[in-house]
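Chemist: My questions will all concern the structure given below.
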Amino acid sequence: MAPRRRPPLALLALAVLLLLPGGLLVANPAFIRMTRLEEADEPVARFPHWTHQEGFKCYACHPSLFSMTRKTGFTHEDMGEGRFCGACHDGQTAFHHDQDEDHECEECHVE
């Protein structure tokens with residue numbers, strides 16, 4: 001019987017990095033541009049992905065609120081009905097997306 005080959009050390013190190021919390025950093029961009037569904041004057045919203053990862057695990061949003069395989073477009077009306085960002089940005093869990101004096105439109109709608 002031939003001796004069993006060990007996987008290369010680099011392959012093992014990569015596997016460990018991918019399994020650690022916050023792994024797959026290559027696949028997790030710092031910011032994500034949302035998909036625009038309707039014409040508007042303000043810039044398309046920019047989602048601070050890494051900021052949200054500091055306090056939440058992936059499964060808080062994926063796949064229940066956002067697909068991980070395709071871009072999802074939505075409106076302020078959708079958020080007002082508790083979908084997408086509105087699931088948390090409801091004025092209780094996090095600042096309300098439309099009705100918070102401390103948070104301006106430009107926090108999300110950034111060039």
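The values are calculated or read from the model by the stated rules, or taken from the named source; none is laboratory data. Bear in mind that the values here come from a model prediction, so they are computed numbers and not experimental data. Cβ placement follows ideal geometry from the backbone for every residue including glycine, while neighbour counts extend to all protein chains displayed.
Chemist: Could you please find all residues in the range 65-97 being of a type in the set (Ser, Thr, Tyr) and either surrounded by 13 or more Cβ atoms within 10 Å (Cβ to Cβ) or in contact (Cβ under 8 Å) with a residue 12 or more places away in the chain (or both)?
Modeler: Correct list: 72, 75.
Chemist: Something else now. Hey, could you check the range 99-110 for residues that are outside any helix (DSSP H, G or I) and surrounded by fewer than 14 Cβ atoms within 10 Å (Cβ to Cβ) and say which is modelled with the highest pLDDT?
Modeler: Per the stated criteria, the residue is 104.
Chemist: Among 15, 2, 40, which is modelled with pLDDT under 90 and either of a type in the set (Val, Ile, Thr) or in a helix (DSSP H, G or I) (or both)?
Modeler: 15
Chemist: Among the residues of the range 51-79, write down those that are part of a loop (DSSP other than H, G, I, E, B) and charged (D, E, K, R).
Modeler: 54, 57, 70, 71 - these are the residues of the range 51-79 that are part of a loop (DSSP other than H, G, I, E, B) and charged (D, E, K, R).
Chemist: Which one is surrounded by the most Cβ atoms within 10 Å (Cβ to Cβ), of the residues in the range 28-49 that are touching a residue at least 40 places away in the same chain (Cβ under 8 Å) and out of contact with any Asp or Glu (no Cβ under 6 Å at 6 or more places or on another chain)?
Modeler: 45
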